[in-house]
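Take a look at the structure set out below.
Readers should treat all values here as calculations from the given coordinates under stated rules, not as data from a laboratory. Given the structure is predicted, the values throughout are model-derived calculations rather than measurements. Quick reminder, even Gly has a Cβ in these numbers, built from the backbone with ideal geometry, and neighbours come from all protein chains shown.
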Amino acid sequence: MKSSLFSAALLSATMLAGCATQTAVVAPAPAVPSYGRTIVTPVQAEDSYYTTAQARVSARAETRGAGQARNVIIFVGDGMGISTITAARIYAGQSHGLDGESYQLTMETFPNVALSKTYSDNFQTADSAATAVAMMSGVKTDSGTLGFDRNVQAGNCAASLGHEVESLFSMAEAQDFSTGVVSTARITHATPAATYSHSPSRDWEFDGAVGAQAELGCRDIASQLIDFPAGDGLELAMGGGRSNFMTNEQADPEYEGRTGRRGDGRDLVAEWSAKSDDHTFIYDQAGFDAIDFDSDVRVLGLFEPSHMQFEQDRPNDTAGEPSLSELTAAAITRLSRDEDGFVLMVEGGRIDHAHHGGNAHRALVDAVAFDDAIRTAVEMTDASETMILVTADHSHTMTIAGYAARGNPILGLARSEVGALLRASDGRPYTTLGYANGPGAVCTAADNGACERGDLTDVDVEAPDYQQQSTYPMGSETHGGEDVAIFATGAGSERVGGVMEQNEIFFALAQSLGLVD
Ligand SMILES: [Zn+2]
């Protein structure tokens, strides 16, 4: 019996091997859900940045057997470098009274992880405009520009004409998806603006900023959100930036004495609301709470004249603002009603702003709020049909210095295992978190080279407003140029792996949706 079983096994193995080499074409292809999308060829499809990234993601998808997605959600933590993720993890754990170092953020639990190379076409260390275009359109481009290929210099309208690139959002809208953009920054700021606009300058957020170049045909970013021509336009746009949508004669609904910024007389809020009975405008928590997002409502939510509050300051807001997690839940509720699928971008936009201010405390609090929004998305979606991809557009110069003992408060002064302050060679204590540059510089121009690093012994370095020390002075701390992380889970997320060019992210999303080859 034994020998005949063995023989049978051997025989069938031989037959299988034979089949594999001779009749592989007969084997049925694995069942891949298809959502009936039409492959499109965007105008940028011949760009060498596009074709190179396309080939790399296609090869990875094949090797790893990547599936198809009905929906995608891309979370962009603006300026959320890897040191920010590590520090936010420790901060989150310690805030819960747990061991910070071994704590897990939701994003960390995703199975497919990669590094993203963030340089732009013309800068080693990039800005949020070029990096957002890379992720939304699959090409690297010049820093400061939105919605164009590499042949456009920032601020040059004449040179931009004819160099437009298409975004994932315009492709999705053209195939009847529902689309939404959520950000804690102004909704006209670089990262969200890359989903719906073409602007040679990221600064042209309202008509007055475009100035005379409007005569050449360039339009401000706020008006492009309202006039977004793809499909039936965005279903949801929620964030800050109200003043770019109001005229300079309209009073702000929240702050007395403030008005909108527009000089062209266009009341973009009224234009949005006039599009249909479903189009609604909200500007505060009460308005947000009054909406049934499980309906056909289309929402322009602008909760501040400029950026929304930092999470640290949100409880003190005059009119009340929803959290990023609440905004994300509302967006998923609304967009997931669409059988055709949805594309959603959620930006944690103010991690970056806190870092620019040399203020690690607010950066970490915002990074944790961002991770809370990611957890909400995981809980509300089905991984078999929705991909969630989390990344940053670029890093910052924040570092985590040695050698504080395990369990030391991440925002605190570095201390030994017995609680003694660690001291630098100037004899003074230092914080674990610091910046290479920025407003917290230990020496300023006024010191003329003769300066001492401030003594932190009696400073409350964990206070929300504390600015960490930095090596050299800059009014605004700068972005960092090293790679950032990508974390992905759900349908199609096997396309994320290895060391990726940032513009490969577009293909990880668009190929999974079946929109591009
Ligand atoms: Zn920035």
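A few comments on the model shown:
- Our helix-only sum for the chain, with -39,500 (n - 2.57) per DSSP H run of n ≥ 4 divided by its residues, gives a mean residue ellipticity at 222 nm of -8500 deg cm²/dmol.
- Neighbour cut-off at most 13 other Cβ (10 Å), DSSP loop, GluC sites (Glu not before Pro), region 207-300: E249, E256
- Positive end of the dipole of the chain (Cβ unit charges, origin at the Cα centre): among V499, V152, S336, the Cα lying farthest that way belongs to V499.
- Order of H355, H163, H198, H189 - criterion: other Cβ atoms within 10 Å of each residue's Cβ, fewest first: H163, H198, H189, H355
- Phi-based couplings in Hz for region 249-256 (Karplus 6.51, -1.76, 1.60; Gly and Pro marked x): 9, 8, 6, 5, x, 9, 10, 4
- Contact order, relative form, for region 62-107: 23 percent (alpha carbon pairs under 8 Å, 6 or more residues apart, mean separation divided by residue count).
- Each residue of region 98-112 was assigned a 3J(HN,Hα) from its phi angle through the Karplus curve 6.51 cos²θ - 1.76 cosθ + 1.60 (θ = phi - 60°); the sequence is 10, 6, x, 4, 9, 5, 10, 6, 4, 4, 5, 7, 6, x, 10 Hz, with glycine and proline shown as x.
- Amide hydrogen proximity for E347: with H placed 1.01 Å from N in the peptide plane, the residues at 5 or more positions away or on another chain lying under 5 Å are V76, V182, S183, T184.
- Dipole-positive endmost among V516, S306, A446 within the chain (Cβ charges, Cα centre): V516
- Amide H contacts under 5 Å for V152, placed H, 5+ residues apart: D142
- The alpha-carbon atoms of region 393-517, seen along their principal axes, cover 59, 38, 25 angstrom, with the largest extent given first.
- Under the combined filter of DSSP loop state and at most 13 neighbouring Cβ atoms within 10 Å, region 112-187 retains none of its trypsin sites (Lys or Arg not before Pro).
- Region 369-499: relative contact order in percent, alpha carbon pairs under 8 Å with at least 6 residues between: 33 percent
- Rounded to the nearest whole Hz, the Karplus-based 3J(HN,Hα) values (6.51 cos²θ - 1.76 cosθ + 1.60, θ = phi - 60°) of region 55-69 follow the sequence 5, 5, 6, 4, 5, 5, 4, 5, 4, 9, x, 5, x, 10, 10, with x at glycine and proline.
- Based on Cα contacts under 8 Å between residues 6+ apart, region 256-415 shows a relative contact order of 17 percent.
- Euclidean distance of C-alpha centroids, region 72-101 and region 320-398, integer Å: 12 Å
- Under the convention that each Lys and Arg Cβ holds +1 and each Asp and Glu Cβ holds -1, the size of the dipole of region 193-351 around its Cα centre is about 440 debye.
- Placed amide H near M500: partners under 5 Å, 5+ positions off or other chain: L115, S116, K117
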